[in-house]
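The structure that follows is given in the form of structure tokens.
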Amino acid sequence: MKIRLPYIQVEEAIAAMIGQMQPGDQLPSEPTLAKQLGVSRATLREVLRTFAERGTLVRRQGIGTFVASRIPILETGLEMLESLDRMAKQLNLITEVTHLETVERKATLAEVAGLALPDNDVVGVLAVNRVITVEGQPVADLQDIVPLTYLRQADLDQIGMMRMKDITSFNGSVLDVLLQCGGLILSTSRTEIAAEEADMRCASRLNVKRGAALLKLVAQLYNYDEKVVDYSTSYFVPGYFRFHVMRKVINK
């Protein structure tokens, strides 16, 4: 007959298991793990939840529980807007741009709507698609749509990064590029947040399973003329990011 382990011992057993695994490794299923440890699934879930809150484990609904990357969690307030590159530098982490695709083309109908333009407008845009890695681990899949009146391909080739005119030195942040553009004063960003399952393309680019839960941010960046200068869609891998928001209490 198995002796049921108290909560602390279950924590210690899970911690020991994690210590012998590599980032990205999947833990046994809950029924299997509960049976191995001789505990109820309710107790096990509570322990796993604690490890997930610490950023040690990543739990993906319908898929399983995985050992998180050793990369520190990038945390920021949603009331502040700053690039992943700047966030990573604050933690002395190295970022890299992969899967970089930039093209000047006509905006799609959905992009025209995202840019808050009249439906009948035919506008040229610069589309910038890329994946950002931190310490070699893909953490975000980003797309920015910027009207050519604000940013062109040639501008990317000339921003201070360009000693050797090498596009690969682009740090991945369209925001940082726009902030360096003369005459453009940025104001606010309106962002919608949702959870979405990774499709085949996103799963491949972010090295996650198809159907894995991702954090999706759709944002409109405004200048002081209240015009949208950047319409972006970003997918973040849970476990690497923690967003928070400060809200004011309304006292009646």
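The values are calculated or read from the model by the stated rules, or taken from the named source; none is laboratory data. As the structure is a computational prediction, the values presented were derived from the model and not from experiment. No Cβ is skipped: glycine too gets one built from the backbone with ideal geometry, and neighbour counts run over all protein chains shown.
Can you tell which of Gly211, Gly183, Gly172 is outside any strand (DSSP E or B), modelled with pLDDT under 85 and in contact with a strand residue (DSSP E or B) (Cβ under 6 Å, 6 or more places away or on another chain)?
Result: Gly172 is the single residue among Gly211, Gly183, Gly172 that is outside any strand (DSSP E or B), modelled with pLDDT under 85 and in contact with a strand residue (DSSP E or B) (Cβ under 6 Å, 6 or more places away or on another chain).
Considering every residue within the range 79-95, establish whether at least one is under 15 Å from Gln143 (Cα atoms), at pLDDT 70 or above, in contact with a helix residue (DSSP H, G or I) (Cβ under 6 Å, 6 or more places away or on another chain) and surrounded by 12 or more Cβ atoms within 10 Å (Cβ to Cβ).
Initially, the range 79-95 is screened for residues under 15 Å from Gln143 (Cα atoms), giving 83-84.
Those left that are additionally at pLDDT 70 or above: 84.
Pick out the ones that are also in contact with a helix residue (DSSP H, G or I) (Cβ under 6 Å, 6 or more places away or on another chain) and you get none.
No, the range 79-95 has no match at all.
Can you pull out every residue in the range 103-134 that is among the β-branched types (Val, Ile, Thr) and either surrounded by fewer than 17 Cβ atoms within 10 Å (Cβ to Cβ) or without any contact (Cβ under 8 Å) to a residue 40 or more places away in the chain (or both)?
Restricting attention to the range 103-134, the residues satisfying the condition of being among the β-branched types (Val, Ile, Thr) are 103, 108, 112, 122-123, 125, 128, 131-134.
Correct list: Val103, Thr108, Val112, Val122, Val123, Val125, Thr133.
Turning to a different aspect of this structure: Kindly indicate whether Gly38 is modelled with pLDDT of 80 or more, over 24 Å from the mean Cα position of the chain (by Cα) and at positive phi. Before you say what the answer is, go through the steps one by one.
Details: modelled with pLDDT of 80 or more: yes; over 24 Å from the mean Cα position of the chain (by Cα): yes; at positive phi: yes.
Yes, satisfied.
Continuing with this model, one more query. Which of (1) at pLDDT 85 or above; (2) assigned to a loop (DSSP other than H, G, I, E, B) is the odd one out, the single condition Ala15 does not satisfy?
The failed condition is (2).
Looking at this structure, is Ala107 at pLDDT 90 or above and touching a Leu at 6+ places or on another chain (Cβ under 8 Å)? Steps first, please.
Numbers: at pLDDT 90 or above: yes; touching a Leu at 6+ places or on another chain (Cβ under 8 Å): yes.
It is true that Ala107 is at pLDDT 90 or above and touching a Leu at 6+ places or on another chain (Cβ under 8 Å).
Quickly run through the range 18-36 and pick out the residues that are under 16 Å from Ala52 (Cβ atoms) and assigned to a helix (DSSP H, G or I).
If the condition is that a residue be under 16 Å from Ala52 (Cβ atoms) and assigned to a helix (DSSP H, G or I), then Ile18, Glu30, Leu33 are the ones that fit.
Check off (1) touching a residue at least 12 places away in the same chain (Cβ under 8 Å); (2) surrounded by fewer than 18 Cβ atoms within 10 Å (Cβ to Cβ); (3) outside any loop (DSSP other than H, G, I, E, B) for Cys202 and give me the number that stays unchecked.
In the conditions (1) touching a residue at least 12 places away in the same chain (Cβ under 8 Å); (2) surrounded by fewer than 18 Cβ atoms within 10 Å (Cβ to Cβ); (3) outside any loop (DSSP other than H, G, I, E, B), Cys202 misses (2) alone.
Also: At pLDDT 70 or above, under 26 Å from Gln143 (Cβ atoms) and under 18 Å from the mean Cα position of the chain (by Cα): is that true of Leu100 in this structure? Can you show your working first?
Details: at pLDDT 70 or above: yes; under 26 Å from Gln143 (Cβ atoms): yes; under 18 Å from the mean Cα position of the chain (by Cα): yes.
Taking the combined requirement at face value, the residue satisfies it.
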